[in-house]
Each structure stands twice: as structure tokens, then as C-alpha cells.
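Some notes on the structure that comes next.
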Amino acid sequence: MKNPIKNNLIIELHVPDLDLVKDFYSKLGFKVTMDDKINENELGYVTMTREDEMGSTMLNFYGGDERVYDQSYFKQFPKDTKRAYASEVTIVVKDIEAMYKLAMDNLKNHVVKPLRSNEDHGHKWKDFRMEDPFGFYLRFTEVLDWGQR
């Protein structure tokens, strides 16, 4: 199946612990594709990518220590605010059952909505939801032609 999603969006998630990012997302099949180490003057940057028949999904993470809370926009919110309040990161996968098994085997406590079937506007698909260690709400879904309703 040809991937019907055409998107140039780049996601950059600001987090206080890049090691925790690498541990969590590697358990979901992501691999580190870039890792700029933190030094005493600059925060770090990690890119993680997951490949399957649908293509590649890339997530970018900035930060690595408490200085991430001083970023010009985010510093206006309390540190204990969930990092992605009122947003969702949707990740399309070819084999949703295999992805769900991977999540349940490795990160069961982070699954917040189990695998379920959906039907809306003439489309049928399966998805499940997770929350990462920083409060980012993740939706893993089968391919759906988002442009066709």
C-alpha cells in the first residue's frame, strides 16, 4: 500500500532527560539516528527514527537537564505541567498488532488506552494510546488516508 500521508511536519519535544528518552523509545522500535551530547554550555539534542513498510517516523528531542524548563516559551508554565498537555503525537505503523504487542511487552504501564477498532466517516482502523515518561500523549494507529473523508 502506498503511504497516503504527505507531511513535512517536524516534531521537537523538549525534555529534561535524554537518556530516559532513548530508553523509552528504543523499546518501541526507535533507533537513535543523531545524538548531540550535552556539555556544560549547551543542551543536548537527540533524533530517534523508526522504520517500517510505511516509511520512517522521526522524533526530535531537545534538552537533557533542568535548563529545558528555562526555554523562552515553556518557562511560563510550572515544571510539573505535563509536557504536551492538550496535544497528541500520532504515529502511523504498518502492523498495529505487532506494535501493540511490543508496547505491552516492554512498556505496559505506559499504555493508557488498549488496542481497539474504530469506524468513522466510512473508514475502519485500529489504534492504541500511550503516555511517555514526560507526559507526551502518543497514538499508534493503522494507516488511514487523513485527506479522504
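The values are calculated or read from the model by the stated rules, or taken from the named source; none is laboratory data. Being a predicted model, the structure only gives us computed values, none of them experimental. All Cβ positions, even for glycine, are placed from backbone atoms using ideal geometry, and neighbour counts span all protein chains on display.
Key figures
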| read-out | value |
| --- | --- |
| Single unsatisfied condition, residue 101 versus (1) more than 18 Å from residue 29 (Cβ to Cβ); (2) modelled with pLDDT of 95 or more; (3) not aliphatic (A, V, I, L, M) | (1) |
| Among residues of segment 106-119, those that are more than 15 Å from the chain's Cα centre (by Cα), surrounded by 10 or more Cβ atoms within 10 Å (Cβ to Cβ) and in a helix (DSSP H, G or I), counted | 1 |
| Any hit, segment 121-136, residues being of a type in the set (A, V, I, L, M) and surrounded by fewer than 16 Cβ atoms within 10 Å (Cβ to Cβ) | no |
| Filter result (within 19 Å of residue 103 (Cβ to Cβ) and either free of Cβ contacts under 8 Å to residues at least 60 places away in the same chain or in contact with a Gly (Cβ under 6 Å, 6 or more places away or on another chain) (or both)) within segment 33-55 | 48, 49, 50, 51, 52, 53 |
| Residue 77 under 30 Å from residue 36 (Cβ atoms), touching a Phe, Trp or Tyr at 6+ places or on another chain (Cβ under 9 Å) and either in contact (Cβ under 8 Å) with a residue 60 or more places away in the chain or surrounded by fewer than 19 Cβ atoms within 10 Å (Cβ to Cβ) (or both) | yes |
| Number of the exception - residue 28 against (1) in contact with a Lys or Arg (Cβ under 8 Å, 6 or more places away or on another chain); (2) among the aliphatic types (A, V, I, L, M); (3) surrounded by fewer than 17 Cβ atoms within 10 Å (Cβ to Cβ); (4) not in a strand (DSSP E or B) | (3) |
| Hits in segment 120-136 (condition: of a type outside the set (Lys, Arg), more than 17 Å from residue 106 (Cα to Cα), part of a strand (DSSP E or B) and modelled with pLDDT of 85 or more) | 125, 127 |
| Checking residue 26 against (1) under 20 Å from residue 89 (Cβ atoms); (2) in contact with a Leu (Cβ under 8 Å, 6 or more places away or on another chain); (3) of a type outside the set (Phe, Trp, Tyr), the condition it does not meet | (2) |
| So residue 120, is it over 22 Å from residue 15 (Cβ atoms) and in contact with a Ser or Thr (Cβ under 6 Å, 6 or more places away or on another chain) | no |
